[in-house]
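Presented below is the structure to which this report refers.
Where a number appears in this text, it was derived from the coordinates with a stated rule and is not lab data. None of the values given here were measured: they were computed from a predicted structure. Cβ: placed from backbone, ideal geometry, glycine included. Neighbour counts: every protein chain shown.
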Amino acid sequence: MHVRIMLLLMLAMSLAACRDTVEVPEKAVFKEDDLTEDNEPLKIGFAMDTLKEERWLKDRKLFQEAIESHGLEVEIRAANGDDALQIAQAEEMIHQGIDLLVIVPHNAEATAAIVHKAHGAGIKVIAYDRLVKNADIDLYVSFDNERVGELQAEEMLKLVPKGNYVYIGGAPTDNNAHLLKKGVFNVLQPAIDRGDIRIIYDQWTADWAPEAAYAHMSEALNINDNQIDAVIAANDATAGGVVKALADHRLAGTIPVAGQDAELAAVRRIVEGTQTMTVYKPIQNLSERVAALAIHLAQNNEFKPTVSINNGKSEVPSVLLEPIAVTADNLKEVIIADEFHSEEEVYGKE
Ligand code: GAL
């Protein structure tokens, strides 16, 4: 619990400083205009990419709870990485008369068509966690993904200031994967320029698939004769594939590995020492923030944050939340204290 209070305090202080979201209700007050002309409660559509990774199950649950806690309705669809299905699902929800669409794009480019269709029906669109490219999206709410990459690289450089690095990237269709990688190289580039570290292997991982990450890491070990000193994987699912490949070579626990998402399996790997760090992103904050903003915009209220991100088409109004680096040292006070996972789950028998 106190991590979220700490974050909210940090947020309040920085927001007070930048007057960003002071106007935005943390909790939308249920008012008459939560009802449509025909007196129906407002309905929010949530078009998700996948439920494959552990976090998205949490996002779905927490977002649904946040919307329903205001007495409003929510329609949820997941496209399991299928672009055509995601477009069809969004079209279906638009035709069913949703009042606002929240989307987690599978493919940052392909989903521009959905924004176009929604606007054609007078429906605003909020990008959740991942940006939609080349579309007039109304709002983007996520964590600072570049900062996530920086936190990963900072932790690795502390442990391995010199040596051979492997980068296992995320899905190239996901704009976050590009932001993460930019953050990693923001931190590593000076050491690369000094010749202290070498990037000896660097690959994207289609659809963030652990099996593909495993294959990439196996190849990296084989072509470099196991001469690897550190691995940065774009998220915990891919880090799991990396650690599996290291285990095949009896190297698990001897080479530092970075991940993201604070998945239970990854937090357990940090406890057992086969993974070094992960990045925690309090999904409760993200889902509640997007729910409050979705209701605010669906009521035709204005929201003008000071932050904006260019998505190739326009300067998209944006809210970026703070990520937190997690190692074995602060795991308890960050993950357990925030009830993201329980002590039993992390330290108990599998
Ligand atoms: C990213 C997200 C990460 C990760 C990944 C795989 O966009 O920011 O948390 O889980 O997708 O779904």
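GLU344 to ARG77: FRET efficiency via 1/(1 + (r/R0)^6), r the Cβ-Cβ distance, R0 30 Å, to the nearest 0.05? Walk me through the numbers before you get to the answer.
On the way: r = 33 Å, r/R0 = 1.11.
Given R0 = 30 Å and the Cβ-Cβ separation, E is 0.35.
Mean residue ellipticity at 222 nm, helices only, the chain: -13000 deg cm²/dmol; runs of at least 4 DSSP H residues each add -39,500 (n - 2.57), and the sum is divided by the number of residues.
Relative to one another, the C-alpha centroids of segment 315-345 and segment 186-200 are positioned 28 Å apart.
So how much slack lies between GLN227 and LEU264, counting 0.36 nm per residue of separation and subtracting their Cα-Cα distance, in nm? Walk me through the numbers before you get to the answer.
On the way: separation 37, 0.36 × 37 = 13.32 nm, distance 2.92 nm.
The span from GLN227 to LEU264 would gain 10.4 nm if fully extended.
Peptides 287-295, 312-320 ranked from most to least packed, by the mean per-residue count of other Cβ atoms within 10 Å: 287-295, 312-320.
Relative to the current alpha-carbon distance between GLU219 and ASP248, full extension at 0.36 nm per residue lengthens the span by 9.2 nm. Between the helical axis of 236-248 and the longest alpha-carbon principal axis of the chain there is an angle of about 20 degrees.
For segment 208-277, applying the loop criterion from DSSP together with a ceiling of 13 other beta carbons within 10 Å to the trypsin sites (Lys or Arg not before Pro) yields ARG250.
Taken over the chain, the alpha-carbon convex hull comes to 133 cubic angstrom per residue. Summary of the geometry: segment 45-77 and segment 267-310, compared by the centres of their Cα atoms, lie 13 Å apart.
Extending 7 Å from Cα along the Cβ direction at LYS332 and again at HIS119 yields two label points whose distance is 5.2 nm. Relative to the longest principal axis of the C-alpha atoms of the chain, give the angle of the C-alpha long axis of helix 175-193, reported between 0 and 90° and rounded to the nearest 10°. Taking the Cα atoms of the chain, the angle to 175-193 is about 40 degrees. Cα axis of helix 210-223 to longest principal axis of the chain: angle in degrees, 0 to 90, nearest 10? Relative to the chain, helix 210-223 is tipped by roughly 30 degrees.
Close amide-amide hydrogen proximity is noted between ASP202 and TYR167, each under 5 Å apart and 5 or more residues distant or on a separate chain (H modeled in the peptide plane; Pro and chain starts excluded).
Straightening the chain between GLN189 and SER69 buys 38.6 nm, computed as 0.36 nm per residue apart minus the Cα-Cα spacing.
Please identify every one of the trypsin sites (Lys or Arg not before Pro) in segment 147-187 that sits in a loop by DSSP and has no more than 13 other beta carbons within 10 Å of its own beta carbon.
When the trypsin sites (Lys or Arg not before Pro) of segment 147-187 are filtered for loop state and at most 13 Cβ neighbours within 10 Å, LYS162 remain.
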